[in-house]
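Since the structure comes first, as structure tokens, the remarks are kept for the end.
What follows is calculated from the coordinates using simple rules that are stated; it is not laboratory data. These numbers were taken from a predicted model, which means no experiment stands behind them. Neighbour counts are summed over all protein chains in view; Cβ atoms, including those assigned to glycine, are modelled from backbone coordinates with ideal geometry.
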Amino acid sequence: YGKIHGGNQVYAYNKQMSQTYNELLLLESDIRKAFKRNEFRLAYQPKVDVKSNHIVGVEALIRWEHGKKGNIPPSTFIPIAEEIGMIHAIGEWVLFEACQQFMRWKKAGAESVMIAVNVSAIELQQTDFLDKVKKIIKETKMDPNYLEIEITENSVMHNTIECIHTMKELRKMGISLSIDDFGTGYSSMGYLQKFPINYLKIDQSFIKDLFNEAGSAEIIKAMIQLGHTFGLKVVAEGVEGEKILQFIREEACDYYQGYFYSKPLDPIEIGRKLKKPN
Ligand code: C2E
Ligand code: MG
Ligand code: MG
Ligand code: MG
């Protein structure tokens with residue numbers, strides 16, 4: 001092989017591979033330690049009504065402040081956590097923490113708004129997922145009518161029958177469901193009809209491309225219409241500018257999230273934004 005591809009090239013390739021592998025092993029053991037070290041926390045990004053510009057909800061997003069490496073984004077460590085089975089412990093912590101935070105805001109006299117939690121496919125497919133959710137709701141005294149679960153499009157496509165059952169049970173409990181990153185999965189439109197969902201979240205890649213790529217406007221319009229046809233509320237993700245907001249407002253998109261309104265914030269900052277006027 002060395003002769004065909006050139007010895008140096010193969011060597012360089014292998015070296016890089018093993019570095020990546022070591023890096024992975026390190027992250028793995030660090031994820032396991034992160035709980036004991038209290039390195040996880042949640043940031044909350046407002047979800048805003050397009051018409052009134054009022055906050056209608058917040059989305060909990062996990063943050064990992066690694067003792068030595070600084071901030072590690074969820075796009076890096078969530079897939080590893082899924083692989084090593086740590087996603088169950090992480091997911092449970094996220095849901096518990098988010099519900100508890102909701103109650104803290106409430107006790108502090110803040111206006112109650114929906115709180116959304118991202119759940120990975122592996123968690124949703126776990127047989128005791130529903131029991132875990134029920135237990136956390138009971139322990140935190142959370143009102144499930146204010147709880148929303150975001151699931152990515154790909155994740156619901158796998159174990160369809162079981163997923164539908166789980167989703168229906170969650171809905172019976174009063175919990176709302178969102179399809180996250182809509183438009184990026186290998187999906188058939190059929191599930192929009194089958195799944196008991198409330199919200200479609202248009203993936204930010206489409207929103208970003210709006211004024212750069214021909215056809216993006218048409219795709220966004222079509223997705224909003226599609227959502228509305230199925231009686232769903234549509235959320236635009238990654239809104240960074242006024243013009244994009246104006247566009248989705250004209251297209252009657254219901255809610256938006258993005259840096260234009262606010263980046264994910266810590267609980268204290270959100271609490272201030274949710275303060276009821278006296
Ligand atoms: P997501 O659920 O689609 O969350 C939206 C991501 O876009 C967040 O990144 C958010 O900070 C970012 N974002 C929001 N507005 C803007 C904007 O205007 N511009 C840009 N460039 N980005 C924006 P984040 O927090 O890094 O999370 C990435 C993904 O990691 C999430 O995508 C979600 O799939 C996953 N994730 C985050 N927290 C959790 C968690 O607690 N559990 C699980 N299973 N997954 C999580
Ligand atoms: Mg999400
Ligand atoms: Mg998303
Ligand atoms: Mg995403």
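Here are the numbers:
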quantity	calculated
Net charge contributed by nearby residues that have their C-beta within less than 14 Å of Thr140 (K/R +1, D/E -1)	+4
Partners for Lys135 among aspartates and glutamates (Cα-Cα distance below 12 Å; same-chain residues under 8 apart left out)	Glu92
Reach of Lys51 by Cα under 21 Å, taken over lysines that are not fewer than 8 positions away in the same chain	Lys201, Lys208, Lys221, Lys233, Lys243, Lys263, Lys273, Lys275, Lys276
Label point at Met173 placed 7 Å out along Cα→Cβ; residues across region 93-132 whose backbone nitrogen lies under 15 Å	93-100, 115-120, 123-132
Cβ-defined net charge surrounding Ala252, 14 Å radius [Lys, Arg +1; Asp, Glu -1]	0
Neighbour-limited loop hits for chymotrypsin sites (Phe, Trp or Tyr not before Pro), region 113-205 (at most 14 other Cβ within 10 Å; DSSP other than H, G, I, E, B)	Tyr186
Added length on full extension, which subtracts the Cα-Cα distance from 0.36 nm per residue, Gln125 to Lys51	23.0 nm
Full-extension gain in nm, Lys141 to Glu23, via 0.36 nm per residue minus C-alpha separation	38.4 nm
Cβ-derived FRET efficiency at R0 35 Å, Thr76 paired with Phe260, nearest 0.05	0.85
Percent of beta bridges antiparallel (DSSP, the chain, rounded to nearest 5)	40
Sparse-neighbourhood loop sites, trypsin sites (Lys or Arg not before Pro) in region 136-241 - DSSP loop, at most 10 other Cβ within 10 angstrom	none
Nearby aspartates and glutamates by direct alpha-carbon distance to Lys172 (threshold 14 angstrom, same-chain neighbours under 8 apart not counted)	Asp131, Asp143, Glu148
Square roots of five times the Cα gyration tensor eigenvalues for the chain, Å	32, 26, 21
Length-normalised contact order for region 13-136 - Cα pairs under 8 Å, 6+ apart - percent	23
Local net charge near Thr152, Cβ-Cβ under 11 Å (Lys/Arg +1, Asp/Glu -1)	-4
Stretch gain in nm, segment Ile84-Lys69, where the contour uses 0.36 nm per residue and the Cα spacing is subtracted	3.4 nm
